[in-house]
Amino acid sequence: MLDTSLVVLCSEVSDGNTHSHDNMPFVLAGRAGGAISTGRLLQYNYVRHSNLLSGIAHAMGQPTCFGQDCSGPLSGLLTG
């Protein structure tokens, strides 16, 4: 089932006391129909999570950006 789907686990902030968005963890499970390779740990420093959402949209066939700071899908996220 995870070959054709994608499950995203995340939180709204990385630190609830300070409402910080730095160093936010995201977990992606599934291959999104082969658009995403599994079994990897990817780390991006100070990149907006709108680029992650953009990558997910691209994986689902919708090339789009979210927010004004989006620069496209995260490099290395998508297989193709």
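The values are calculated or read from the model by the stated rules, or taken from the named source; none is laboratory data. For clarity, every value in this text was computed on a predicted model and none was experimentally measured. Ideal geometry is used to build each Cβ from the backbone, glycine not excepted, and the neighbour counts take in all protein chains shown. To get the accessible areas, we keep the full protein, side chains included, count just its heavy atoms, and leave off ligands, DNA and RNA. Shrake-Rupley method; radii C 1.70, N 1.55, O 1.52, S 1.80 Å.
Let me have the 222 nm mean residue ellipticity of the chain computed from DSSP H runs of 4+ only, each contributing -39500 (n - 2.57), with the sum over all residues rounded to the nearest 500.
Details: 1 runs with 10 residues, N = 80.
Taking each H run of at least 4 residues, the total per residue is -3500 deg cm²/dmol.
Count neighbours as other Cβ atoms within 10 Å of each site's Cβ, and list the trypsin sites (Lys or Arg not before Pro) in the chain that are DSSP loop with at most 14 such neighbours.
Here the sparse-neighbourhood loop sites are Arg40.
Taking the Cα centre of the chain as the origin and placing charges on Cβ (Lys, Arg +1; Asp, Glu -1), which of Leu6, Ser37, Leu74 is farthest toward the positive end of the dipole?
Among Leu6, Ser37, Leu74, the one farthest towards the positive end of the dipole of the chain is Ser37.
Given labels modelled 7 Å from the Cα in the Cβ direction, how far is it in nm from Ser75 to Ser5?
So the two model labels end up 3.3 nm from each other.
Isolated Cys in the chain by the 4.7 Å beta carbon test?
Here Cys10 come out as lacking a disulfide-compatible partner, given the Cβ-Cβ threshold of under 4.7 Å.
Helix 50-59 sits at what angle to the longest principal axis of the chain, using alpha carbons and giving 0 to 90 degrees rounded to 10?
10
Keeping all protein chains in the complex and leaving out DNA, RNA and ligands, what accessible area do you get for Cys10 with a 1.4 Å probe, in Å² to the nearest 10?
80
7 Å from Cα along Cα→Cβ at both Thr18 and Leu41: what's the point-to-point distance in nm?
Placing both labels 7 Å along Cα→Cβ, they lie 2.2 nm apart.
Most fluctuating residue of Leu52, Leu28, Leu41 in a GNM of the chain with Cα springs under 10 Å: which is it?
In this elastic network of the chain, the residue with the biggest mean-square fluctuation among Leu52, Leu28, Leu41 is Leu41.
Students often get this wrong, so try it: which of (i) 52; (ii) 55; (iii) 46 is percent of Cα pairs over 17 Å apart as calculated from the structure shown?
Correct label, based on the coordinates given: (iii).
Counting only protein heavy atoms and using a 1.4 Å probe, what share of the accessible area of the chain belongs to carbon plus sulfur, as a whole percent?
Ligands and nucleic acids excluded, carbon and sulfur give 51 percent.
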